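**Q** The following block contains the structure, expressed as structure tokens.
Bear in mind these aren't lab numbers, they're just calculated from the coordinates by the rules spelled out. From a predicted model like this one, the values you see are computed outputs, not experimental measurements. Cβ atoms come from the backbone with ideal geometry, glycine included; neighbour counts cover every protein chain shown.
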Amino acid sequence: RLTFSLVGGVLGVGAAIIALLRTRRTNWLKQKDIRKWLDKYDTFLFDCDGVIWRGDTEIPGVPDTIRELQRLGKQVLFVSNNATKHRSQYLAKFKAMHLESVSIDQVVTSSFVASRYFVSKYGVGAKVFCVGTDGLRKEFEEAGAEVVVPPYVSETFNKSSGPAVCTEGVDHEIRAVVGAADWTLSHRKLSYAVLCLLNIKGCGFIATNRDRLFPSSDGNSYPGAGAVIGALEYCTSLKATDMGKPQPIMLDILQEIGMKKSRAIMIGDRLDTDIAFGRRGGVDTLVVLTGCTTRRQISHVLWGERVPHYGLESFAEVGKALGCLSDKGARGRRYSQEILPFQQTTSDTSSQRRRFEGGAS
């Protein structure tokens, strides 16, 4: 009897586990079900790279589908971990895809969130040192922070015999160091950041995101923000406060601009950022296979925050179900990789330097 009880108990636990796993199984949407599925949501949160475009090429049919969602009265927001560009640069890219109606308020990036977090914590006019691009610095300046660029960092000459000595010392009025992907990263930048974190009492440490790799249009992936944050954390033994996906702090900003979690869905291509972000924040998720995740990888994730609620080969499948895609509109368009400078207003379409090189106009 004891043996039978144990066997029955084990079988019961096993059945419960299987039932639980099924509740977290990804539901791969079929064409006939998409219209009904669409009615569940008022707000669509899009990751960008791997969902809307890959490098300098749009994913076929996705911009047309987004336009149809807007025509249907859906709220469309763009949520990106990319902290290297100012949000106005995203507008230039959207306009090149004929998504002219997208406004800067619809774009939420990890650099934008980090700048708002910094100013809310330390106040307008507070000093910050940024390890990142001009786009990152511009977001902080617009938020009201004073971005410090010391002569030690702007000097490009480095001694080969040892580290350049910071003779003038650090600015002790700096309230925090912010780390992000940086295409002009130097030993001097890392050194100044480390000196601030180690020598300024109470100096904050903010990470825009922890993406290990940054996908490029040449098909390769290069070191991302995670490389910068990892170096600074290793050198200082400090832990940065994360701003980007999958941390739910972005959801606070999104709810401020009218997003209702119960009627929202996150669309992304990465399980560890996009899908985990939605799961942590109590938002439904949809994974697409147009970026860095395969169906096989998804099938191996049986439990936890990386399991998507729904799946599609491409978000263009929604456009097909809505009947808004023609053969011409479903072809991918390629545009110049040159980015509109963040200082330039994106309303001046005559000055845009992005030109499509084929596909629909």
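**Q** Where does the charge balance sit around residue 223 when Lys and Arg score +1, Asp and Glu -1, over other residues with C-beta under 10 Å from its C-beta?
**A** Local charge sum for residue 223: -1.
**Q** Further question on the same structure: Quote the FRET efficiency, to the nearest 0.05, computed for residue 199 versus residue 25 with a Förster distance R0 of 51 Å and r equal to the Cβ-Cβ distance.
**A** 0.50
**Q** Which entries of 138/245; 32/85; 32/261; 85/239 show an alpha-carbon separation above 28 angstrom in the structure shown?
**A** The pairs that break the limit, which is 28 Å between Cα atoms, are 32/85.
**Q** Quick one: compute the contact order of region 208-327, relative version, from alpha carbon pairs under 8 angstrom and 6+ residues apart, as a percent.
**A** 17 percent
**Q** Right, another one. First check a/c for region 83-186, with a ≥ b ≥ c the square roots of the eigenvalues of its C-alpha gyration tensor; if it is under 1.5, answer rounded, and if not, answer prolate when a/b is larger than b/c or oblate otherwise.
**A** Oblate.
**Q** Something else now. What aspartates and glutamates does residue 36 reach when the alpha-carbon gap must be under 17 Å and sequence neighbours fewer than 8 apart in one chain are set aside?
**A** Straight-distance partners of residue 36: 68, 284, 317.
**Q** Also, quick follow-up: Pull up all non-local amide H partners of residue 214: gap of 5 or more, or a different chain, and H-to-H distance under 5 Å with H placed in the peptide plane.
**A** Close amide H contacts, sequence-distant or interchain: 222, 224.
**Q** Could you sort the peptides 171-178, 252-259 by per-residue average Cβ neighbour count (10 Å cutoff), highest mean leading?
**A** Going by the mean number of other Cβ atoms within 10 Å, highest first, we get 171-178, 252-259.
**Q** Could you tell me the calculated FRET efficiency between residue 39 and residue 173, based on Cβ-Cβ distance and R0 = 56 angstrom, to the nearest 0.05?
**A** 0.55
**Q** Listed highest first by mean packing, meaning other Cβ atoms within 10 Å per residue, what order do 38-51, 83-96 come in?
**A** 83-96, 38-51
**Q** What residues have an amide H closer than 5 Å to that of residue 80, excluding those fewer than 5 places away on the same chain, when H is modeled at 1.01 Å from N in the peptide plane?
**A** Excluding prolines and chain starts, which carry no amide H, the hits are 108, 109, 110.
**Q** If amide H atoms are built 1.01 Å from N in the plane of the peptide, which residues on other chains or at least 5 residues away come under 5 Å of the amide H of residue 270?
**A** The list, which skips near neighbours in sequence, is 275.
**Q** Check each of the trypsin sites (Lys or Arg not before Pro) in region 230-266 and keep only those in coil by DSSP with at most 13 other C-beta atoms within 10 angstrom; list them in order.
**A** 239, 260
**Q** Hey, what did region 111-262 get for relative contact order, percent, Cα under 8 Å, at least 6 apart?
**A** 22 percent
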